[in-house]
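The values are calculated or read from the model by the stated rules, or taken from the named source; none is laboratory data. Remember, predicted model here, so these are calculated numbers, not experimental data. Counting neighbours? That spans all protein chains shown, and the Cβs are built from the backbone with ideal geometry, glycine included.
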Amino acid sequence: MTRKVTILGSTGSIGVNTLDVIRAHPDRFKVAALTAGKQVDRLAEQCIEFKPTIAVVSEAGDALHLEKLLLAKNIKTQVLYGPQALVTAVTDSGCDTVMAAIVGAAGLVPTLAAAKAGKRVLLANKEALVMSGNLFMQAMKAGGGELLPIDSEHNAIFQCLPNEFTTSSQSRLGVEELWLTASGGPFRNTPLDQLAAITPEQACAHPNWVMGRKISVDSATMMNKGLEVIEAFWLFGLPLEKIKVLIHPQSVVHSMVRYRDGSVLAQMGQPDMRTPIAYGLAWPERIEAGVAPLNLTQLASLNFSEPELARFPCLSLAFAAAKAGGTAPVALNAANEVAVAAFLDARLPYLQISTVVEKTLSAITQADADSLEGILSTDAQARKLAHEFIQGLKK
Ligand code: NAD
Ligand code: MG
């Protein structure tokens, strides 16, 4: 069977890695649709190589530009633009598989559409699940598709769980705890009094992984791990207190499952997203991913420790939002997106990312997160508050 794949966010780090795996297996995978925000030239190159049925960009002007570039090469791809076109790329491109790799809340609606339409959903866009956990898992169930986590930790846990694992079978199967590993990012050992002066370039220089700028900053603050705890809660249905975070600077053990009988199963590999991407694309088979073999004898050691909460206030904020439930994770995510964008734009100091998130969480009206309207309304409210706090901090 040839899988027909739509990639939401094909020009990003996950998108490019996905195309790299697809390129190596032309008999197995065809590209149905590709979407990007603003990187028209890169999207044009991808369309020329993979000839998707549909290509989507955010703005009308960029769509015209893309059309011209494709026409010049006689490529017949239909070019669309705007948020609704992202849904069209999922529902009308003839795809059976959707890689959800748009960064942030912008990916929520098309990812939900993929769930409802019964696609195989390869979920990289953790923010979508953090925002809509219950709704998204219900949509997956109703759609009858397959959900495969691409985030390396969740992909590792998925690999370490038995096939018959479900929320109701976890006790019978003896699953006690999930251990999410975290590198600790570039500032794991930086003296605390130097954190105030951190620049976007320093924050984006991750020691082990090459990723988009937003997730790189989230890794530095460890908000990324906080979002991943919430992601694991929805994906695997274990109580929050059974989801633990361990600092593991080498990023070789991608996560672990602890069982009742004393066994701990870990998934190991190079820190290269093509491994989980290839796993999700080909599951339950395994295919060549272009990843170098892991050489354990070259590793001096593997270390594990507890995260220092004083160094990573965003992690505590995420735990608090997860515990509060309802729309608190929506507000956490929205405030973080606004604060990280401001930091990347040199409008907010590094240490105030957590301040903005904390202030927004305290000010937001708590509600249930059981409708898309409610979720989007909290998202908008939290963004507005976060912008106001950033303005206020400047004065
Ligand atoms: P990235 O910034 O490199 O790429 C993001 C993609 O989304 C790009 O194609 C961009 O054009 C598109 N995009 C951004 N804003 C958009 C908008 N408003 N409308 C439409 N498209 C838009 O990000 P990334 O590092 O590839 O991460 C993508 C997602 O995968 C994130 O949710 C991230 O948390 C998750 N993830 C990434 C990695 C990694 O190694 N990069 C690992 C695990 C999870
Ligand atoms: Mg991860």
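So in segment 211-233, with the set limited to residues that are polar (S, T, N, Q) and near ligand 1 (Cβ under 8 Å from one of its atoms), which one is surrounded by the fewest Cβ atoms within 10 Å (Cβ to Cβ)?
Quick first cut of segment 211-233, residues polar (S, T, N, Q) only: 216, 219, 221, 224.
Now narrow it down to the ones that are near ligand 1 (Cβ under 8 Å from one of its atoms): 216, 224.
On the way: Ser216: 22, Asn224: 26.
Of everything passing the filter in segment 211-233, Ser216 is surrounded by the fewest Cβ atoms within 10 Å (Cβ to Cβ).
Hey, can you tell me all the residues within segment 196-210 that are crowded, with 18+ Cβ neighbours inside 10 Å, modelled with pLDDT under 95 and of a type in the set (A, V, I, L, M, F, W, C)?
Answer for segment 196-210, where residues must be crowded, with 18+ Cβ neighbours inside 10 Å, modelled with pLDDT under 95 and of a type in the set (A, V, I, L, M, F, W, C): there is none.
Here's the yes/no breakdown for (1) assigned by TED's automatic domain parsing to the domain that holds Ile353; (2) farther than 30 Å from Gly9 by Cα; (3) in a strand (DSSP E or B):
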site: Ser168; (1), (2), (3): no, yes, no
site: Ser171; (1), (2), (3): no, yes, no
site: Thr190; (1), (2), (3): no, yes, no
site: Leu195; (1), (2), (3): no, yes, no
site: His206; (1), (2), (3): no, no, no
site: Met211; (1), (2), (3): no, no, no
site: Leu235; (1), (2), (3): no, no, no
site: Asp261; (1), (2), (3): no, yes, no
site: Gln267; (1), (2), (3): no, no, yes
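Out of Leu178, Leu192, I need the residue that is buried (at least 17 other Cβ atoms within 10 Å of the Cβ), more than 15 Å from ligand 1 (Cβ to nearest atom) and among the hydrophobic types (A, V, I, L, M, F, W, C). Which one? So that I can check it myself, show each step before the final result.
Working: Leu192 fails: buried (at least 17 other Cβ atoms within 10 Å of the Cβ).
Unique residue meeting the criteria: Leu178.
If only one of Val21, Val40 is within 16 Å of Ile150 (Cβ to Cβ), at pLDDT 95 or above and in contact with a Leu (Cβ under 7 Å, 6 or more places away or on another chain), which one is it?
Details: Val40 fails: within 16 Å of Ile150 (Cβ to Cβ).
Of Val21, Val40, the one residue that is within 16 Å of Ile150 (Cβ to Cβ), at pLDDT 95 or above and in contact with a Leu (Cβ under 7 Å, 6 or more places away or on another chain) is Val21.
What strands (runs of 3 or more DSSP E) completely inside segment 35-139 contain at least 1 residues that are surrounded by fewer than 20 Cβ atoms within 10 Å (Cβ to Cβ)? I'd like the intermediate steps shown before the answer.
Details: elements: 54-57, 78-81, 97-100, 120-123.
Hits in segment 35-139: 78-81, 120-123.
Answer yes or no: is there a residue in segment 35-54 that is away from ligand 2 (no atom under 16 Å from the Cβ), over 24 Å from Leu108 (Cα atoms) and under 21 Å from the mean Cα position of the chain (by Cα).
No, because not a single residue in segment 35-54 is away from ligand 2 (no atom under 16 Å from the Cβ), over 24 Å from Leu108 (Cα atoms) and under 21 Å from the mean Cα position of the chain (by Cα).
Look at Gly184 and say whether it is assigned to a loop (DSSP other than H, G, I, E, B), on the phi > 0 side of the Ramachandran plot and either hydrophobic (A, V, I, L, M, F, W, C) or surrounded by fewer than 21 Cβ atoms within 10 Å (Cβ to Cβ) (or both). Can you show your working first?
Values: assigned to a loop (DSSP other than H, G, I, E, B): yes; on the phi > 0 side of the Ramachandran plot: yes; either hydrophobic (A, V, I, L, M, F, W, C) or surrounded by fewer than 21 Cβ atoms within 10 Å (Cβ to Cβ) (or both): no.
Judged against the criteria, Gly184 is not a match.
Run down Thr111, Thr97 and say which single residue is β-branched (Val, Ile, Thr), within 13 Å of ligand 1 (Cβ to nearest atom) and at negative phi. Let's see the steps before the verdict.
Working: Thr97 fails: within 13 Å of ligand 1 (Cβ to nearest atom).
Criteria check complete, one pass: Thr111.
Of everything in segment 115-126 that's within 14 Å of Thr91 (Cβ to Cβ) and in contact with a Leu (Cβ under 8 Å, 6 or more places away or on another chain), which residue is nearest to ligand 1 (Cβ to nearest atom)? Show your work before the answer.
Taking segment 115-126 as the starting set, the residues that turn out to be within 14 Å of Thr91 (Cβ to Cβ) are 115-119, 121.
Those left that are additionally in contact with a Leu (Cβ under 8 Å, 6 or more places away or on another chain): 115, 121.
Working: Ala115: 16, Val121: 13 Å.
Among those residues, the one meeting the criterion is Val121.
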